[in-house]
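In what follows, a structure is listed as structure tokens, so that the remarks can point back to it.
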Amino acid sequence: MRRGFLTAILVSAPLVIVACGSDKGPTQPAAATKLVFTVHPTNAAGAQLITPPVQIAVQDASGNTVTAATDAVTVALGANPGAGTLPGTLTVAAIQGIATFSNLRIDRPGSGYTLAASAGGLSGATSAPFAVTLTFAAVSTSYYHTCGLTTAGAAYC
């Protein structure tokens with residue numbers, strides 16, 4: 001046996017690195033807890049598309065949009081001062097955590113309308129109040145009546 005020699009054996013093995021979000025291990029995406037209007041309706045023209053389209057975000061408890069959320073979000077009239085109806089697609093799936101309602105309209109004028117948003121298992125949201133107005137393309141008056149035709153083609157007397 002010889003002294004002074006050290007024999008080394010090298011063993012190659014794959015190296016695995018795990019990224020961590022903190023010193024406690026990998027982080028999980030935050031759970032969706034609530035809905036928030038990110039694009040509120042502003043003053044809208046009666047029977048015309050609400051523009052820009054209403055958008056509702058699916059957010060976590062800290063107010064961050066949950067980009068993995070695909071929840072079905074439903075909108076309805078909240079406050080309805082003009083006894084209007086809300087035609088259009090009322091339920092859409094969120095895409096990257098945002099539900100966009102591109103074909104909503106309200107058919108009757110009034111001030112103080114709101115929209116209410118809901119989704120299963122999440123806290124709902126209510127939009128800021130807004131007004132629905134009419135724009136007339138033609139008006140005719142007589143002693144007994146005043147009638148008008150809106151730009152959307154609806155007649156009012």
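Can you confirm whether Val18 is more than 19 Å from Ala125 (Cβ to Cβ), in contact with a strand residue (DSSP E or B) (Cβ under 9 Å, 6 or more places away or on another chain) and at pLDDT below 95?
Answer is yes for this residue.
Look at segment 69-93 and say how many of its residues are under 27 Å from Ala45 (Cβ atoms) and free of Cβ contacts under 8 Å to residues at least 40 places away in the same chain.
Going through segment 69-93 one residue at a time, the tally reaches 12.
Name the residues in segment 27-37 that are of a type in the set (S, T, N, Q) and open to solvent by 70 Å² or more (accessible area, probe 1.4 Å), would you?
Within segment 27-37, Thr27, Gln28 qualify.
The values are calculated or read from the model by the stated rules, or taken from the named source; none is laboratory data. All values derive from a computational prediction rather than experimental measurement. In this analysis, Cβ positions are derived from the backbone assuming ideal geometry, glycine residues included, and neighbour counts consider all displayed protein chains. Note: accessible area is taken over every heavy atom of the protein model, side chains too, but ligands, DNA and RNA are not part of it. Shrake-Rupley method; radii C 1.70, N 1.55, O 1.52, S 1.80 Å.
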